[in-house]
Amino acid sequence: MGIEKLVKDAKVIAVICNQYGDTGKGKFSDYFASSWADVTARGTGGNNAGHTVKVNGVEKIFHLIPAGISHDSDGKTTILGNGMVIDLKVLNHELDELEREGNTFDNLMISQDAHVIMPYHVSFDKAKNQSQKCGGIGSTGRGIGPAYTDKIARRGITVGDFLDKDRLAKKIDKVIEFYPNSTAVKEEIIEILGPYFERIRPFVRDTVTEMHKFYRNGKKILLEGAQGLLLSVEYGTHPYVTSSDCSLNGTSTGVGLSAKMVDLPFGIVKFPFMTRVGGGPFPTELGGERSEKYCADERTKIDELKEYGIKYSTKNGGVQYDTRAPGIINMMNSDDEFVQGIGIRLAAGEYGATTGRPRRTGWTDAVAAKYAAGINGPLMILTKADSIAGAKKFKICHGYLGEGGISTEFSRDEKFLRRARPVYSEYQGYGEISDARSYSSLPTSLRIAIKDLEAFTEGRVAIVSVGAERDETIVRD
Ligand code: IMP
Ligand code: MG
């Protein structure tokens, strides 16, 4: 198929997630931004996202700004698109941090049409949605849902509204009525947010029009997705979803383009294990509902390391441990699926980049991947296969056993997904693969599993990632 040639000839590429988020969009956004794109734009979500990029051993986590910002000084444009919801304070912090690293933001654009996450959105979200124990769906508590609610209800505050203080005050008066329990006062909100807005004022643009100019001028445009297809408000496991459409369609809408204009949409699939963070059905979850409850219990990485006797140290607020420690490998090979799930989490370092929550783990669900390909298209990037080195075997789900027999179609219905018993194909495990740079040098069992995935989803695996660094990437011929 010649992926490299397709990339070279493409005008628009999208990097989106075909699962529940956290599949490695950050790495691939950086990958295409550094080697290919003139413009990198994000179209959905806000600081619920955590995009991790590792360059030369240094890890960076972006929440709002697309990973392309690292190439600002090379004349590459970075856009926060019209479909995003923006917390001005968080954006300021992110800019401060980048500025300390020497970034001068010569080519940054922020959409005047993006909605602003207001303080009352954050408190409402925390009270109603964040805590799974209190009946919430387990949101990130960043005010995402309430901000999109106000957008759809036509009362939201946009970035552009801050350009006219009188208008802004009138709009806040109107919307605040809908938050009777909020202690936020209009004057205080304006006083606090005003300076944050002033900081970003030079970057505010009609980014939809700018995008159309870039497209007409033949610039290479990269769309950076956020969250994942199964968390999309349109296509995900509603109501356990985020409040934007993070599919290819929503991502394109969110930057002012049509999905039809995207030449190469890459759907990222974590393989052969996957994760979900927050509540909601997850048919292949190791340890089932016990794991879901356990992960909702506000546990930290350190709690788990202590509980399972894995040595660790702490430095600059970070936690270091050997992801290949014999204790962790043993857990991955445990007969107890619940323990196996924790073993995979520790081996792969699956803790939320935004909230630090333990991510629920399970084998990759090809039924869900097939569904995602039906929306995001057949091209896939597989990530994190290197993480389970040392597991004696791995499994891929190729069907759900339910009341009516085996189904090979996904469903958004919670009851169906919670009852579905995964039907697995089992494969032999493998050792370290991070040094592999050609597809043929990957272990046979992994290649067989990939072939099965392609056959089952009628998709095509274009790229296999074997580590967090940019060069730990295999592009197929
Ligand atoms: P919200 O986006 O904060 O409203 O959270 C809604 C659901 O999406 C929760 O289950 C979150 O855990 C999940 N979620 C939101 N953003 C991300 C992400 O970037 N990665 C993974 N899950 C996410
Ligand atoms: Mg993430």
Within segment 34-69, restricting to residues that are among the small types (Gly, Ala, Ser) and farther than 20 Å from MET84 by Cα, the one that is farthest from ligand 2 (Cβ to nearest atom) is SER35
Looking at ARG324, is it in contact with a strand residue (DSSP E or B) (Cβ under 7 Å, 6 or more places away or on another chain), surrounded by fewer than 23 Cβ atoms within 10 Å (Cβ to Cβ) and assigned to a loop (DSSP other than H, G, I, E, B)? no
Query raised in the report: Hey, does segment 328-341 have a residue that's of a type in the set (Ser, Thr, Tyr), in a loop (DSSP other than H, G, I, E, B) and farther than 20 Å from GLU426 by Cα?
Result: no
Checked segment 358-390 for anything among the hydrophobic types (A, V, I, L, M, F, W, C) and within 20 Å of PRO283 (Cβ to Cβ); matches are TRP363, ALA366, VAL367, ALA368, ALA369, ALA372, ALA373, ILE375, MET380, LEU382, ILE388
Looking across segment 30-40 at residues that are within 13 Å of THR473 (Cβ to Cβ) and in contact with a strand residue (DSSP E or B) (Cβ under 6 Å, 6 or more places away or on another chain), the single one that is farthest from ligand 1 (Cβ to nearest atom) is PHE32
Query raised in the report: Does MET332 meet the test of being buried (at least 20 other Cβ atoms within 10 Å of the Cβ) and more than 28 Å from ALA14 (Cβ to Cβ)?
Result: yes
Of the residues in segment 1-21 that are hydrophobic (A, V, I, L, M, F, W, C) and either assigned to a helix (DSSP H, G or I) or over 30 Å from GLU285 (Cα atoms) (or both), the one that is farthest from ligand 2 (Cβ to nearest atom) is MET1
Sole miss for ARG421 among (1) modelled with pLDDT under 95; (2) farther than 25 Å from VAL7 by Cα is condition (1)
Quick count over segment 41-60, residues being more than 10 Å from ligand 1 (Cβ to nearest atom) and under 10 Å from the mean Cα position of the chain (by Cα), is 1
The condition of being closer than 24 Å to THR52 by Cβ, of a type in the set (Val, Ile, Thr) and more than 16 Å from ligand 2 (Cβ to nearest atom) holds, among ILE152, ILE176, ILE221, only for ILE221
Item to complete: May I ask you to verify whether GLY374 is modelled with pLDDT under 95, surrounded by fewer than 22 Cβ atoms within 10 Å (Cβ to Cβ) and away from ligand 2 (no atom under 16 Å from the Cβ)?
Response: no
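Hey, any hits in segment 13-27 for a residue that's of a type outside the set (A, V, I, L, M), within 23 Å of GLU210 (Cβ to Cβ), in contact with a strand residue (DSSP E or B) (Cβ under 7 Å, 6 or more places away or on another chain) and within 16 Å of ligand 1 (Cβ to nearest atom)? Give the derivation first.
Keep residues of segment 13-27 that are of a type outside the set (A, V, I, L, M), which gives 17-27.
So of that shortlist, the ones also within 23 Å of GLU210 (Cβ to Cβ) come out as 25.
From what's left, in contact with a strand residue (DSSP E or B) (Cβ under 7 Å, 6 or more places away or on another chain): 25.
From what is left, the residues that are within 16 Å of ligand 1 (Cβ to nearest atom) are 25.
Within segment 13-27 (the criterion being of a type outside the set (A, V, I, L, M), within 23 Å of GLU210 (Cβ to Cβ), in contact with a strand residue (DSSP E or B) (Cβ under 7 Å, 6 or more places away or on another chain) and within 16 Å of ligand 1 (Cβ to nearest atom)), the answer is yes, since at least one residue qualifies.
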Log entry, pairs with first residue in segment 278-306 being within 16 Å of LYS133 (Cβ to Cβ), second being of a type in the set (Lys, Arg), beta carbons closer than 7 Å, six or more apart or on different chains, reads SER291/ARG360; GLU292/ARG360; CYS295/ARG357; CYS295/ARG360; ALA296/LYS133
Would a scan of segment 407-419 turn up a residue that is of a type in the set (Phe, Trp, Tyr) and without any contact (Cβ under 8 Å) to a residue 40 or more places away in the chain? yes
Picking from SER441, SER434, SER445, the residue that is free of Cβ contacts under 8 Å to residues at least 12 places away in the same chain, surrounded by fewer than 17 Cβ atoms within 10 Å (Cβ to Cβ) and closer than 30 Å to VAL55 by Cα would be SER441
Of GLY75, GLY24, the only residue that is within 13 Å of ligand 2 (Cβ to nearest atom), at positive phi and either in contact (Cβ under 8 Å) with a residue 60 or more places away in the chain or surrounded by fewer than 24 Cβ atoms within 10 Å (Cβ to Cβ) (or both) is GLY24
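Would you check which residues across segment 254-297 are more than 20 Å from the chain's Cα centre (by Cα), outside any helix (DSSP H, G or I), surrounded by fewer than 20 Cβ atoms within 10 Å (Cβ to Cβ) and away from ligand 1 (no atom under 16 Å from the Cβ) and list them? Break it down stepwise before answering.
Initial filter on segment 254-297 (more than 20 Å from the chain's Cα centre (by Cα)): 256-258, 260-261, 263, 286-291, 293-294, 297.
Next, only the ones that are outside any helix (DSSP H, G or I) stay: 256-258, 263, 286-287, 297.
Checking the rest, the ones that are also surrounded by fewer than 20 Cβ atoms within 10 Å (Cβ to Cβ) come to 258, 263, 297.
Within segment 254-297, SER258, ASP263 meet the criteria.
The values are calculated or read from the model by the stated rules, or taken from the named source; none is laboratory data. This one's a predicted model, so the numbers in the text were calculated from it and none came from an experiment. Cβ atoms come from the backbone with ideal geometry, glycine included; neighbour counts cover every protein chain shown.
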